[in-house]
Amino acid sequence: MATKETKKTVVQTEIPDRLLVQAQTLVATGLFRDLNELMLDALRRFLESHQADLMEAFIRQDVEWGLTGEEPHFGADTFDEGINS
């Protein structure tokens, strides 16, 4: 049985030192193999828990585009508006 390869992209980011220490502690205790696994799990859980909010924000942008004809902007502010409205 062949396994499907997943395309991966390297993402570089800055995080506060305190957050890094907490993440390294979780790795050191054996909860995660490494920081990559921890970050992937954290991002996956965030996206899963906010899926409805994200979809609502995207739908609002589509409606706005349909009404105004302006190209929608999908950024952090769009997501924040979706979950805070």
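No lab work stands behind these numbers, since they all come straight from the coordinates. Remember, it's a predicted structure, so these values are computed and weren't measured experimentally. No Cβ is skipped: glycine too gets one built from the backbone with ideal geometry, and neighbour counts run over all protein chains shown.
Key figures for this structure:
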item	result
Whole-Hz couplings from phi, Karplus 6.51/-1.76/1.60, listed for the stretch 10-24; x for Gly and Pro	7, 10, 10, 8, 10, 10, x, 4, 4, 5, 4, 4, 4, 5, 5
Relative packing of 52-59, 24-31, which averages over residues the other C-beta atoms within 10 Å, highest first	52-59, 24-31
Ranked list, fewest to most other Cβ atoms within 10 Å of each Cβ, for Arg60, Arg44	Arg44, Arg60
Gln12-Ala52 FRET efficiency (beta carbon distance; Förster radius 25 Å; 0.05 resolution)	0.25
